[in-house]
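Engineer: Take a look at this one; I'll ask things after.
Every number in this text was worked out from the coordinates using simple rules, so none of it is lab data. A quick note: this is a predicted structure, and the numbers were derived from the prediction, not measured. Positions of Cβ are generated from backbone atoms using ideal geometry, with glycine treated the same way; all protein chains shown enter the neighbour counts.
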Amino acid sequence: MARPLRVLLRRALLLSSALALLLMGGFFTLFSYDLEDTIFNRLVAVEAERQSGGRAAPPGLPVGMSVHRGHAALPPALARKLPPSLSRGEYEVATDGAGHFHVAVRPDAHGGEPLYVAFRVDTFTSTTGQLGRNAWLLLVSAALSLLAASGIAVVVARRVSRPLEQLVAALGEDAPEAEEDPGAVRELGTLRDALRERDARIQRLLERERQFNRDVSHELRTPLAVAQGAVELLERAPPRDVAAFARLRSAVLQMGLLTEGILWLARTPHPGERCELKAVSHEVVALYDGLRQSTVSVVVEAEGPVEAPVSAEVARVLLGNLVKNAFGYTRTGSVRVHVAPGLWSISDSGEGLGNVAPEHAGFGVGLSLVQRLAQRLGWSVTFTPLHPRGTRVELRWT
């Protein structure tokens, strides 16, 4: 589920602040322990250098520090933890019940007994105790830091997301023209103006297309009505030239389908419309049969009844223009219509795409109308050249 940008920014800033506090607290704790160990090691090292160099020691040793010559002189608890062959260096030793020590080891240069300087630091270590005693202070500090980070996160998130929210509101439908915000982001203002200009261009193009459809339908409606009336009158007393009359009737029907398709482009589709494509296919094949050459055979194949999510009127426009085109460009051979669930295709053995003579190039407004109708319906339409001749057109839907 998508979340608002402001929520995502606020959450990201809070998480980063909490992580930063956690890391800083961890580093501070490690640094405190390391500092203690460094100081204690330095104390025993200085004393060991003084003792091994024969320099005079100040009166008395620090409380808890002792000097031992030879491994046997060490307290038993330390002797058990420190092997006799230990090399030069400073070591941290935790004994079993005898305390916590830092020990400096200095082997004798002449092969004698090594020197040990031991410093019991139990009474001097305070990091753990201080951290425990001041835990409330650390928790309060962390809470105040997170509270301050929350306030900053809210301000930053609002500052970043507000221009985007204003942009969305400005681009919304029926949104009034807002005054320029002095604190607005310049790039977002440029983007808003570019989107508005693009929308205006699209609206102008759509309006020109709607106006064109209205003009075409208006110009075609009157002469088409006159032609249809004349055909109906002639049908009462058919003329002697039956072939010519059949061509006239077919042409009037074709004009009706074309007009219907142009008018439908300006309409809103009605949900739930369906039709049976096998019946429509037989209907349009019979309608345009006058365009078919006698040397061309036609076959309609169907995998049982196939319904498509479109009205029968629109299906007749789609299929009729494709059938008319196949009959018009096929001089010999066959035209095959195939109907299957989610697919309607027509294959012909005509001139094929790209092989049309220059004087006959172009498929007219019919195929352009098919493509526009398919796009409006959310269908796909593909034209595939066949070898050696012919074309296959496929309409697909889901």
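Engineer: For region 46-116, would you read off the P(r) tail past 17 Å as a percentage of all alpha carbon pairs?
Structural biologist: Values: 1023 of 2485 pairs.
Above the 17 Å cut-off, region 46-116 has 41 percent of its Cα pairs.
Engineer: Order of 302-312, 113-123, 225-235 by packing, highest average Cβ count within 10 Å first?
Structural biologist: 113-123, 302-312, 225-235
Engineer: Relative contact order for region 237-345 using alpha-carbon pairs under 8 Å, separation at least 6, rounded to a whole percent?
Structural biologist: This gives 32 percent for region 237-345.
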